[in-house]
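Novice: First, the structure itself, so that you have it in front of you.
The values are calculated or read from the model by the stated rules, or taken from the named source; none is laboratory data. Quantities reported herein were computed from a predicted structural model and do not represent experimental measurements. As a convention, Cβ positions derive from the backbone with ideal geometry for all residues, glycine included, and neighbour counts pool all protein chains shown.
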Amino acid sequence: MWDWHIHLREQVKLEIQKIDQEDTKKRQSDKLVPYLTLVNPDRLSLLAILGIMRMQGSGGVLSGMKMTHALIAFGKAIENEHKAQI
């Protein structure tokens, strides 16, 4: 699981850098990077891994996991983590 975290953390950092480069061409109101950097990539990686494991372990996903449900749960976890850091 540690390898997952290391690889995912590096990928998150790369994605944030790519989005930051694209954001320089956008209007101020359309920029995403300020929101993506509220929680550091280490925590984002751990939240993603632990969230997916929690959803798999909670049962009820025998026929698969809905992507929408996973994304909403991940978004809520990020929001809660940011609120906890404040």
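Novice: Taking the conditions exactly as written (part of a helix (DSSP H, G or I), surrounded by fewer than 14 Cβ atoms within 10 Å (Cβ to Cβ) and not hydrophobic (A, V, I, L, M, F, W, C)), does E22 satisfy them or not? Walk me through it before giving the result.
Specialist: Numbers: part of a helix (DSSP H, G or I): yes; surrounded by fewer than 14 Cβ atoms within 10 Å (Cβ to Cβ): yes; not hydrophobic (A, V, I, L, M, F, W, C): yes.
Yes, satisfied.
Novice: Let me ask you something else. Read through the list (1) surrounded by 14 or more Cβ atoms within 10 Å (Cβ to Cβ); (2) at pLDDT below 90; (3) under 14 Å from the mean Cα position of the chain (by Cα), then give the number of the only condition that V39 fails.
Specialist: Condition not satisfied by V39: (2).
Novice: Within the stretch 64-86, which residues are of a type in the set (D, E) and either out of contact with any Lys or Arg (no Cβ under 8 Å at 6 or more places or on another chain) or more than 19 Å from T37 (Cβ to Cβ) (or both)?
Specialist: E79
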